[in-house]
1. Since G185 meets every condition but one in (1) surrounded by fewer than 20 Cβ atoms within 10 Å (Cβ to Cβ); (2) farther than 23 Å from R291 by Cβ; (3) touching a strand residue (DSSP E or B) at 6+ places or on another chain (Cβ under 8 Å), which condition does it not meet?
2. For the range 181-232, how many residues meet the condition of being over 30 Å from R33 (Cβ atoms), more than 19 Å from the chain's Cα centre (by Cα) and among the small types (G, A, S)?
3. Does F317 meet the test of being within 20 Å of L86 (Cβ to Cβ), among the aromatic types (F, W, Y) and either surrounded by fewer than 20 Cβ atoms within 10 Å (Cβ to Cβ) or modelled with pLDDT under 95 (or both)?
4. Residues of the range 162-172 being in a helix (DSSP H, G or I) and modelled with pLDDT of 95 or more, which ones?
5. Name every residue in the range 74-104 that is crowded, with 24+ Cβ neighbours inside 10 Å and in contact with a Phe, Trp or Tyr (Cβ under 8 Å, 6 or more places away or on another chain), in order of residue number.
Amino acid sequence: MSMPSERPEAPSRPDVPRAGRAVAGRRRGAGKRFLVVGDVLDGVLVQTTASVLGDHDPVAVIRHRPTGAAGNTATWLGWLGAEVDLVARVGVDDVYRHERALADAGVRAHIRYDARSATGAVVSVRNGDRRTAMSDPAASGVLSEDDLPPELIGRADIVHLTGSAMLGGGGAARIASLVERAHTGPARVALDPSSAAVVDRIGAPAFLEALDGVDVLFPSEQEALVLTGASSVVAAIPILTARVPLVVVTMGQEGVLLGRPGRSPQRVPVTPATVVDTLGAGDAFAAGFLRAWATDPVRVGAAAREGTRVAARALGFVGGRPPV
């Protein structure tokens with residue numbers, strides 16, 4: 001008899017925290033509800049002095065961490081005290097390990113598995129101020145709209161779609177179908193393109209077409225330029241706001257640029273931070289922004305400032321997630 005290749009989600013476990021758990025000094029269970037959909041990956045994080053292929057570094061710092069854009073954003077939302085659910089896919093042997101890590105951060109995990117795929121993985125190599133990342137989407141690459149339970153969509157105030165493995169796994173059609181499914185409930189829909197390479201592979205025109213229905217877009221500076229073909233972020237914003245009513249461009253040390261149709265871009269500076277690791281800082285920013293924006297969608301400048309505050313905290317930790 002053949003084994004089933006997948007299941008709806010892992011069964012709930014009695015030791016997984018539910019609403020009302022105290023997280024980061026705040027009480028969960030009140031306010032807006034968030035549904036994060038996307039990548040949960042295994043990470044190998046390397047800090048090295050090696051500069052070229054073939055160099056040997058016997059004192060490199062190598063850490064294994066759960067990572068992935070969706071897992072990172074969800075755990076920072078949990079750290080902020082939000083009610084947050086997460087939908088993802090991992091390999092069959094890794095379900096409980098990732099459920100446990102997410103639950104410890106105050107996240108309700110709804111993890112499906114594919115018996116034919118391993119858990120997606122990313123190797124991040126940092127040398128000084130430069131970083132190279134290599135990823136294998138594996139199970140995250142087959143996550144689709146069919147994995148989104150209607151009951152989770154129906155009770156979410158914001159659905160956030162994120163992760164290069166998920167978004168790049170099925171082309172523009174996958175993105176459009178995820179956005180359409182997210183809009184079957186009352187939620188506003190947020191999307192992080194997650195990778196300029198994914199945008200380039202899908203094709204910028206097709207990617208832009210797939211964004212119809214997105215309420216807020218979180219591109220990096222490079223992603224904004226690749227999406228539009230513009231020569232500057234300021235020139236890119238009118239192109240993006242023709243599709244999405246709120247565009248939040250993260251620009252590293254240059255801060256954040258907010259774009260809305262018919263308005264001049266608004267710049268928000270970064271919050272000063274001691275940088276230990278840049279991995280996941282954009283995911284933390286998205287969590288801070290969405291948490292504030294969900295409560296007050298008019299004050300987008302204040303939401304961006306909250307995003308930079310949370311990102312500054314993330315820069316002080318290795319691995320992209322808050323400390324448990």
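The values are calculated or read from the model by the stated rules, or taken from the named source; none is laboratory data. Predicted model only: the values in this text are computed from it and were never measured. A quick note on method: Cβ atoms are made from the backbone with ideal geometry, for glycine too, and the neighbour counts reach across all protein chains shown.
1. (2)
2. Within the range 181-232, residues that are over 30 Å from R33 (Cβ atoms), more than 19 Å from the chain's Cα centre (by Cα) and among the small types (G, A, S) number 7.
3. yes
4. The answer is A172, and nothing else.
5. A74, L77, A82, V84, R89, V90
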